[in-house]
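Worksheet: one structure, shown below.
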Amino acid sequence: MNASDVNEVRIAPDGSAVVMAVSAPDWQQKRFNEDLWLWSRKDGKLLPLTHSGHDSAPEFSPDGKYIAFLSDRPMSPDEDKSDDKDDDKSDTSRVWLIPVNGGEAFPLYREKLDAHTFAWSADGTSVIFSTTQPLSKDAEDAKKAEWKDVIRWREQERGDVLIGLPVAGAIRASIQSPAANQEAKAADDKPALPADAQVLAHSALEIAEIAPSPTGDQIAFETGPISHRLENPGDSEMFVVPAHPSAQGVDARQVTHNLGLESHLTWSKDGKRIYFAVHAGSGSIEGAYQDVQGRLYVIDAATGAFTRLGGDFAGSWDDFTITSDGKILACGLTGTEVQLYGVDGAKYEVIGSVPGTYAKVVAARKGQGLIFTHSTINSPTQVYFADGTAGVGAAKAITAFNPLFAERAQVEWATYKWTSKDGTPVEGVLIYPPGKKGAKNLRMLTLIHGGPEDADGNHFGADWYDWATLAAAKGWLVFRPNYRGSTGYGDKFMLEIAPHLVSVPGVDILSGVDALVKDGIADPNKLAIGGYSYGGYMTNWLITQTTRFKAAVTGAGAVEHAANWGNDDLTWDDAWYLGGTPWEKPEIYQSEAALFQINKVTTPTHIVGGNADVRVSYLEQVLLERALQKLNVAHTLLVFPGENHPLDKNPWHGYIKVREELKWLDKYVPE
């Protein structure tokens with residue numbers, strides 16, 4: 001629970017340095033800190049770059065002299081303090097700059113403008129960022145006077161503005177008096193924009209990603225819903241605008257028209273094409289919406305004609321990068337392993353094949369520098385540096401986070417394959433207690449991954465969500481099934497989950513449990529089950545299908561689909577999985593819901609959820625608790641105040657979650 005996580009990594013344009021955003025729990029302050037670390041290739045040292053605990057999304061300037069990042073740190077000790085806010089936190093997330101060769105961080109601007117995303121201009125003279133279309137002080141005051149604290153659902157939403165802001169003024173201000181870094185005030189009748197800001201585009205939607213072309217003449221950006229609710233995949237599209245418009249507010253030209261969610265926009269060196277990914281479970285740009293495995297594409301920025309890349313790959317593509325000589329490198333999942341590949345047209349070849357999970361691959365724009373992360377079940381995630389693709393095999397770790405895990409008894413693991421009832425081959429992972437690999441009749445916890453577009457495999461996990469190795473260290477054989485709907489096993493395997501969202505995967509999971517009992521590996525009298533998010537959905541469903549589990553731990557999982565369709569921020573995705581809306585497919589919504597079979601449950605069940613969850617309303621957990629109370633089934637419910645789906649506000653919540661889950665399992669399934 002005390003592990004540090006590498007959230008983002010970036011390499012300097014010439015490969016001379018690496019910056020990374022690293023998060024870790026701050027138990028005393030009851031929050032997670034995220035700070036930037038800098039590694040220098042020259043001396044091989046890794047040192048902390050920032051210390052505010054609120055810094056993320058670092059990006060090197062094109063000349064490598066500055067790093068821009070997002071932060072909600074205050075600009076002055078008195079900014080935005082109140083009794084209900086952290087003293088070291090502002091309510092505005094701005095773009096900040098820090099010199100690579102030493103010096104203090106300083107804000108790019110002083111106005112109260114929340115930056116949604118940003119990017120450096122091609123020449124490095126400006127930073128381009130998106131923010132909600134600002135109101136003038138007069139307009140803001142009038143709104144407050146009329147509506148007080150009333151939320152006008154949808155009506156009050158405003159789209160984004162794309163702003164280009166020269167960095168020279170911020171650099172000058174950084175060496176002046178501290179008063180220069182106080183919050184700026186705009187005229188009462190004008191929006192609070194920096195005086196030297198240039199409006200590059202307006203969007204009716206949020207601008208979620210920005211990619212200036214290397215030739216400096218165009219800017220691509222990806223939109224998304226203002227509410228962050230997936231109600232229409234068409235809200236997520238790619239646009240292009242001139243980098244130097246002749247007039248402010250030039251209409252952006254829409255490049256894509258599809259039902260997929262594009263991301264990771266990356267221009268070709270000649271500024272004519274844009275590479276992008278559609279991650280697993282993010283729809284498809286080829287025809288009707290469907291949740292297939294991750295795919296890679298390149299699109300002509302002028303015509304919108306696109307080509308699929310790496311189409312011969314049977315698995316799921318994820319992170320990718322373009323090297324300085326135009327080669328495509330991508331992380332690809334097949335089964336339980338994520339390897340590093342070179343992609344050429346529809347074909348691919350292995351570049352990095354060390355067992356485990358490669359991720360976050362980024363190539364330097366000049367030269368041969370290349371970075372990526374790698375982990376295994378027993379090896380914490382570290383950042384690696386390689387001298388180009390030829391040097392991947394000899395890449396050296398430049399971080400050494402979480403050394404304590406190397407000092408502890410290591411769990412053992414193996415893949416496990418079985419056949420589901422309809423003859424479909426299925427695979428999963430078995431994680432054994434230390435020294436128990438090959439033992440028989442072990443008490444077993446079936447721990448189900450979320451998604452469902454995900455897969456459990458050879459990667460490190462040490463947190464409230466991925467606690468399988470901790471459970472193994474506590475004497476459990478942990479079974480992690482990659483049921484139908486999981487990635488890494490082909491599109492057909494992934495698509496067979498729809499419209500039977502829980503019943504088909506449920507058969508896969510129970511077939512795996514049966515096989516493990518038949519093989520003598522699992523003790524049929526000491527079986528438990530659990531999961532979070534979609535893993536919670538499945539846990540809720542499976543305890544209505546069998547009484548074999550002596551205990552269950554479930555979190556953030558729905559027990560019905562109609563209300564959850566309305567509450568879920570992935571409401572379009574929910575409807576696709578179930579074949580339509582609740583009024584179009586009422587029979588599926590009922591037959592695939594645990595609630596309508598809840599009277600079959602006898603399994604003692606521990607329930608958790610955050611009361612600010614927008615993915616799965618915590619009222620779904622309240623509904624489950626009420627049903628189990630009515631049925632006199634042993635249960636408990638823990639509610640984590642202020643937590644959204646990821647439980648990333650207070651580390652103590654995740655700690656208490658897992659502590660109590662382990663207690664519950666031990667109570668009902670003792671060794």
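Key figures
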| read-out | value |
| --- | --- |
| Leading residue by the ranking (modelled with the lowest pLDDT) among those in region 115-170 that are over 29 Å from residue 230 (Cβ atoms) and aliphatic (A, V, I, L, M) | 139 |
| Which listed residue, of 373, 389, 399, is at pLDDT below 95, closer than 23 Å to residue 339 by Cα and either out of contact with any Leu (no Cβ under 9 Å at 6 or more places or on another chain) or outside the structural domain of residue 294 (by TED's automatic domain parsing) (or both) | 389 |
| Counted residues, region 133-162 - those being touching a residue at least 40 places away in the same chain (Cβ under 8 Å) and not in a helix (DSSP H, G or I) | 11 |
| Residue in region 512-521 that is over 28 Å from the mean Cα position of the chain (by Cα), at negative phi and outside any helix (DSSP H, G or I) present | yes |
| Residue 325 being modelled with pLDDT under 95 and outside any strand (DSSP E or B) | yes |
| Qualifying position, being modelled with pLDDT under 95 and touching a Gly at 6+ places or on another chain (Cβ under 6 Å), among 182, 198 | 198 |
| Cross-chain or 6+ apart pairs with Cβ under 7 Å, region 485-506 first and free of Cβ contacts under 8 Å to residues at least 24 places away in the same chain and in a helix (DSSP H, G or I), then buried (at least 24 other Cβ atoms within 10 Å of the Cβ) and not polar (S, T, N, Q) | 504/484 |
| Region 524-537, subset more than 24 Å from the chain's Cα centre (by Cα) and either under 16 Å from residue 448 (Cα atoms) or among the acidic types (Asp, Glu) (or both), residue surrounded by the fewest Cβ atoms within 10 Å (Cβ to Cβ) | 527 |
| Positions within region 271-286 being of a type outside the set (S, T, N, Q), part of a loop (DSSP other than H, G, I, E, B) and within 17 Å of the chain's Cα centre (by Cα), in sequence order | 279, 280, 281 |
| Top-ranked residue in region 34-65 [being more than 28 Å from residue 76 (Cα to Cα) and without any contact (Cβ under 8 Å) to a residue 12 or more places away in the chain; ranked as surrounded by the most Cβ atoms within 10 Å (Cβ to Cβ)] | 45 |
| Top-ranked residue of region 538-555 - restricted to ones that are part of a loop (DSSP other than H, G, I, E, B) and touching a Ser or Thr at 6+ places or on another chain (Cβ under 6 Å), ranked as surrounded by the fewest Cβ atoms within 10 Å (Cβ to Cβ) | 547 |
| Strands (runs of 3 or more DSSP E) within region 193-268 that include 2 or more residues touching a Ser or Thr at 6+ places or on another chain (Cβ under 8 Å), polar (S, T, N, Q) and under 23 Å from residue 281 (Cβ atoms) | 263-267 |
| Complete set of residues in region 212-230 that are touching a strand residue (DSSP E or B) at 6+ places or on another chain (Cβ under 6 Å) and either aliphatic (A, V, I, L, M) or not assigned by TED's automatic domain parsing to the domain that holds residue 281 (or both) | 219, 220, 226 |
| From the options 558, 575, residue that is in a loop (DSSP other than H, G, I, E, B), at pLDDT 95 or above and out of contact with any strand residue (DSSP E or B) (no Cβ under 6 Å at 6 or more places or on another chain) | 558 |
| Which listed residue, of 623, 647, 595, 578, is closer than 30 Å to residue 524 by Cβ and either surrounded by 16 or more Cβ atoms within 10 Å (Cβ to Cβ) or out of contact with any helix residue (DSSP H, G or I) (no Cβ under 7 Å at 6 or more places or on another chain) (or both) | 595 |
| One residue from 287, 283 being touching a strand residue (DSSP E or B) at 6+ places or on another chain (Cβ under 7 Å) and outside the structural domain of residue 359 (by TED's automatic domain parsing) | 283 |
| Region 561-570, residues that are within 25 Å of the chain's Cα centre (by Cα) and not in a loop (DSSP other than H, G, I, E, B) | 563, 564, 565, 566, 567 |
| Any hit, region 253-265, residues being acidic (Asp, Glu), within 30 Å of residue 335 (Cβ to Cβ), buried (at least 16 other Cβ atoms within 10 Å of the Cβ) and free of Cβ contacts under 8 Å to residues at least 60 places away in the same chain | yes |
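Condition check ((1) without any contact (Cβ under 8 Å) to a residue 60 or more places away in the chain; (2) buried (at least 17 other Cβ atoms within 10 Å of the Cβ); (3) within 25 Å of the chain's Cα centre (by Cα)) across all residues:
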residue: 217; (1), (2), (3): yes, no, no
residue: 221; (1), (2), (3): no, yes, yes
residue: 224; (1), (2), (3): yes, yes, yes
residue: 241; (1), (2), (3): no, yes, no
residue: 269; (1), (2), (3): yes, no, no
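The values are calculated or read from the model by the stated rules, or taken from the named source; none is laboratory data. The model shown is predicted, which means the values in this text are computed figures rather than measured ones. Here the Cβ is made from the backbone with ideal geometry for all residues, glycine too, and neighbour counts use every protein chain on show.
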